[in-house]
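Scroll down for the structure; my scribbles are underneath it.
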Amino acid sequence: MPARLRHFAINADDVPRARAFYEKVFGWTFTPWGPPGFYQTRTAGEGVMGALQGRRAIEAQKMPDVELSFGVDDLDATIAAIEANGGALVMPPYLIEGVGRLIFFKDSEGNIAGAMQYEGETEMFA
């Protein structure tokens, strides 16, 4: 099955300011989830979950303004395909309990994205 865009994250230097912006401009709602300063939105489009979070670095790589994550059926096969086709891992597999295994990678052009093998499909993603 082809990978699907499943998640995006907007990285912000000022999370409260960014939250107010997206709520007022696009009518999105945000719910605190996970670490402090991390919010989720399920109002950005059917089948897509979004996040708003403080800007950070992963493995010394400053993350871009907007991150994309793809849902994959087999994370290990995806890692092998990334490496066989000119990409590289930026962050090795990380288990998010109750959600799935996540990696971040650089594509052949140096762009950073995530890939996650979800533990189970929710109704939202079915």
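Roughly how tilted is helix 15-26, in degrees to the nearest 10 and between 0 and 90, from the longest Cα axis of the chain?
80
Among the DSSP beta bridges whose two residues both lie in the stretch 4-125, what percent are antiparallel, rounded to the nearest 5?
75
Could you compute the longest span of the chain free of GluC sites (Glu not before Pro) located in DSSP loops and having at most 10 other Cβ atoms within 10 Å, not counting the site residues?
No qualifying site falls inside 1-45, the longest such stretch.
Under the Kirkwood approximation for Rh and a Cα-based Rg, what ratio Rg/Rh is obtained for the chain?
Rg divided by Rh gives 0.96.
Can you check what the net charge comes to around Val48, using other residues whose Cβ is under 11 Å from the Cβ of Val48 (Lys, Arg +1; Asp, Glu -1)?
Spelling it out: positives minus negatives among the neighbours equals +2.
Read-outs: derived from the displayed coordinates by stated rules, not from any lab. These numbers come from a predicted model, not from an experiment. Don't worry about glycine lacking a Cβ; one is built from the backbone with ideal geometry, like all the others, and counts go over all protein chains shown.
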